[in-house]
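Structure, as structure tokens:
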Amino acid sequence: MGALQSLSDEPEYRELAEKTGFSFEQIGILHKRFKQLSHNEDMLRRADLDTIPDLACNPIRTQIIEAFFDKRNFHQNGDGTVEEISFEEFLVVMSHFRPPALNMTEEQREKVRREKLRFLFNMHDTDNDGTITLEEYRHVVEELLSRSGALGKETAKGIADAAMLEVASISMGHMEPDEFYEGITFEHFLKILKDIEIETKMNIRFLNMDTTTLCNRDSSSIR
Amino acid sequence: RVLSGTGYGGIHPIFLERGLLLLVMLIFLEGTALTLGAASSPDISAQDNTGGHEHLDDHQGIAGSNDRTNYTYTKKAFPVLSLDYHHIQVPFEISLWVLLASLMKLGFHLIPRLSSIVPESCLLIVVGLLVGGLIKLAGEEVPPVLDSNLFFLCLLPPIILDAGYFLPIRPFMENIGTILMFAVVGTLWNAFFVGGLLYAVCQIEGTYLSQVELLPCLLFGSIISAVDPVAVLAVFEEIHINELLHILVFGESLLNDAVTVVLYHLFEEYSGAGEVTPMDVVLGVICFLIVSLGGIAVGAIYGILAAFTSRFTSHTRVIEPLFMFVYSYMAYLSAEMFHLSGIMALIACGAVMRPYVEANISHKSHTTVKYFLKMWSSVSETLIFIFLGVATVAGPHAWNWTFVSVTVILCLVSRVIGVVGLTFIINKFRIVKLTTKDQFIVAYGGLRGAIAFSLGYLLDKDLFPMRTMFLTAIITEIFFTVFVQGMTIKPLVDLLAVKKKQEAKRSINEEIHTQFLDHLLTGIEDICGHYGHHHWKDKLNRFNKKYIKKCLIAGERYKEPQLIAFYHKMEFKQAIELVESGGGVKLPSAVPSQVSMQNIQPKKLPPPVAERALPQFTKGREEEIRKILRSNLQKTRQRLRSYNRHTLVADPFEDGWNDFLLKKQRLIELEKKMSNYLTVPGAIPDSPTMCRARLASDPNAFYNIKASSDGVPTIQVDLASPQSPDSVNMLNEFSKEGATGQSLGQREGATGLGQREGADRDEDQGLMMKPAGKGEKGEGGNKNPGLMRCLSDPGPSNEDEEDEPFLP
């Protein structure tokens, strides 16, 4: 604990806290984890994340890992992927999963919502052309079903096609037979997922105290 | 003028009919009241079945005028017609009550706009009051309708099972901490606050209540403090509040049962024998754990048993639903036997068995389960509210202004304090905080109901001399919450603009993203390196998939991931809608027709992709067509089967037919394209469907090449016929076998093939006179399986593969 408090005095931490909205304690814990993952290096590589044992059976593992190395998720302008990330970038990616504050205005809520959905959208839109094409969507569903073996492969296509049809029909209304729906744009993406309250769902609990030293979990004063 | 005239003429009979129905109901109500009042005392508790025929005659004397007309009295001669009301009295009266309840429910929904003003529960209580009043006016003793045994053993279980079976597991588990906090701590707080302060008030001079002791007060507090699931369900289903608030209040009302049971037994035990030692408190806590966890364990065991049993019911589909009900009821009774929480047992049982049972039983059985649950629970609910009214009239009352008003006020105050205080603590742990509005609705939605009354009714008169006063206060509190809070909550929800419930229908995109989010969050938690909610959920899911599903779900379905299951369900629903809507032209809403596959498919398929896709795709389609034809053949045979006690005749929804329908739906795309090419030689340029169909097939022309090179003209038969008998089955589900020409016409009409083919033809007629080859072969196929077989499938029809349980 003492170490953490001293950490919070560092100006670097203050800056990070301002940028990402995490508390000092949370940053401290995440930093520890970062060091652990990167084997005490300053930069984190894909291989480091690949070796997390719990992640091994996650069907969308590659997409999750890619998201950490995607420049679009760093709150900076730019796209493409990087080979390694610093702690700051790690933290920025993590901040997409921060729970929302108690009292938000509609605008703030909408902003949080867009941010979170943008993260999801970027995960699907692998070639960064602003649309999720049928191929990309099929890939998503295939990955999602990749743990269910051969059974999933065939159905995945059907599901992705049906889903795409749905998007097209919701967002375009009527289409002439010779028109072509290129893919899901972000606006359409917002539209089809408007019923999922993403701002209340896409959150995880970030610890304020280190559970390795303290056994009880306490997440008071998240904000 | 003409228009308005017809409009008036159209409306008038409806009102007339409604008026008539209402009149019938009123008469019936009176009749019921008289009859029920007349033969009141034995009622449903049926104690004096043994009572001889001696006092029977008096009963008959009173038993209503219409009865007397049938009464023929013969002395020694053989009684040609005799009246023995007593013989059928109990079941007759039960039926009468149920009928009354159902008619009231019916009437309630017939009166326009009434349901938007007054909640059903209020109206039913009023009806109960009326019935009770009539019985009393008739000079009879009001039957003890809300007898505790009857209530707890017959009326309550269906409602709770319904609630448990349809419990939205996901939000429930996500908010389980909050729900438990409200249910356990909140109820404890309410009980002690109300009980304690009531005692304090009773000690004030001048209230004439000084004889009331502390323990009875606490007992009263524990009875009155529990939120009632029946009342909550009745009101919350009408206000369509958002999922979170609904599950918070409703979950609380379900889970507080354990607390109430323990407190009730504890206080009842000690109010006879004075002192409560710290030891008793400890025992009480242990007792609470046993009652709640034991109840859940009992329920879970029965739930697993039910799931396991349903694995083997594929040969006796008709009794499938029964297993679910009997196992659940057994769970409830077993839990009650040990004084465990029966409500928790039922909830656990319903929630545990649902996913497995749903995968195992046939679609029709599942519909039956759903309908029976809904039917029973709604009748029970109606009866409970009516009985509440009747019991109000019946009971001896001891009205004490102080006691009653203090009770009502304290209940409100303690609820508000409890909710606000607890939310303050809970919000520190919640990711999604509860806002002030949420808190208000949770506090205001704490309705009390018939459980409290029944518990009060159970009290021993000798031990609790103030029982009647308690009952009066309980009834007042129930009436206050149900009437005042129940009626005002809807306007308040609108006023505060509390978020409403969204459309329940989920789209495939939402399902994909829900799943995606689950995995994503699990992944992020794993990267963060701490094991949270999502991590454990994922572990549990995996365990469930790996072991439990394998044991409890028959066949291959356990392998099916949730997303695929959802997709199949959706497709199936669409297939049904499609057939029911009576035309293949219009695709159902979820995948609307105005956008078709070619709109989203990349225009130019790169050659390597196309090559790879070609054989795979068409082979799959061919296989589907074959399968459909095969099941079609089987069906022809089934239709000729005679009466069988264990199955319903030729059941289109059964097992194999599930797949059949699904595949049929998938086929429609292809079929459109193919039929266009194969069955219609000359294009009809004006038909929009045709245009679409042709265009649809353009980028995918290889289907047709493949298909025509395979079987040439026979394919068209294959495509036409598999659809048609099926739709007949949907339409004449209950009509007997032997498809007449007319139904053939119907069935062709339903497929929409007719429209596609001859846009210029009259529908019914045109279908009868199909293009020669087609119509004849369609029919011939049914009558002559040999021909069909040689046309469709080289292999013999393999029945086992289709999993058709009712085949010989």
> Rounded to the nearest 0.05, what FRET efficiency do B:Lys500 and B:Ile94 have when you use their Cβ-Cβ distance and R0 = 30 Å?
Replying inline: 0.20
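Please compute the length gained on full extension between B:Met337 and B:Glu577, using 0.36 nm multiplied by the number of residues separating them and subtracting their Cα-Cα distance. The partial results should precede the final answer.
Values: separation 240, 0.36 × 240 = 86.40 nm, distance 4.60 nm.
Separation in residues times 0.36 nm, less the Cα-Cα distance, equals 81.8 nm.
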> For the stretch B:94-154, what ratio Rg/Rh do Cα atoms give with a Kirkwood hydrodynamic radius?
Replying inline: 1.02
>> A 20 angstrom limit on the alpha carbon distance is what I want to check against. Which of A:Lys111/A:Lys201; A:Lys194/B:Lys499; B:Lys500/B:Lys573; A:Lys153/B:Lys537; A:Lys32/B:Lys433; B:Lys499/B:Lys537 exceed it?
In response: B:Lys500/B:Lys573; A:Lys153/B:Lys537; A:Lys32/B:Lys433; B:Lys499/B:Lys537
>> Please compute, for the alpha-carbon atoms of the stretch B:121-164, the extent along each of the three principal axes and give them in descending order in Å.
In response: 41, 23, 9
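Are any of the pairs A:Lys191/B:Lys569; B:Lys374/B:Lys461; A:Lys157/B:Lys374 more than 27 Å apart by Cα-Cα distance, and if so, which?
Pairs exceeding 27 Å: B:Lys374/B:Lys461; A:Lys157/B:Lys374.
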> Which three extents, in whole angstrom, do the alpha-carbon atoms of the stretch B:485-547 cover along their principal axes, largest first?
Replying inline: 48, 28, 24
>> Test of understanding: ordering B:Ile384, B:Ile512 by Cβ neighbours within 10 Å, fewest first, what list do you get?
In response: B:Ile512, B:Ile384
> Order of B:Phe78, B:Phe385, A:Phe68, B:Phe372 from fewest to most other C-beta atoms within 10 Å?
Replying inline: B:Phe78, B:Phe372, A:Phe68, B:Phe385
> Ranking B:Ile451, B:Ile286 by Cβ neighbours within 10 Å, fewest first, what do you get?
Replying inline: B:Ile286, B:Ile451
> In square nanometres, what is the average projected area of the Cα convex hull of the stretch A:37-141?
Replying inline: 8.1 nm²
> Once both labels are modelled 7 Å past Cα along the beta-carbon direction, what's the A:Asp42-B:Ile319 spacing in nm?
Replying inline: 7.6 nm
> For labels at B:Lys76 and B:Leu540 in the simple 7 Å Cα→Cβ model, what's the distance in nm?
Replying inline: 7.9 nm
> In the calculated pair distance distribution of the stretch B:178-324, what percentage of Cα-Cα distances lie above 27 Å?
Replying inline: 42 percent
> With r defined as the distance between the Cβ atoms of A:Ser23 and A:Glu110 and R0 fixed at 22 Å, what FRET efficiency is calculated, to the nearest 0.05?
Replying inline: 0.35
>> Can you give the FRET efficiency to the nearest 0.05 for A:Glu187 and A:Ala101, using r as the Cβ-Cβ distance and R₀ = 30 Å?
In response: 0.70
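Every number in this text was worked out from the coordinates using simple rules, so none of it is lab data. Please read all numbers here as calculations on a predicted model, not as lab measurements. So basically every Cβ, Gly included, is an ideal-geometry build from the backbone, and we count neighbours across all protein chains shown.
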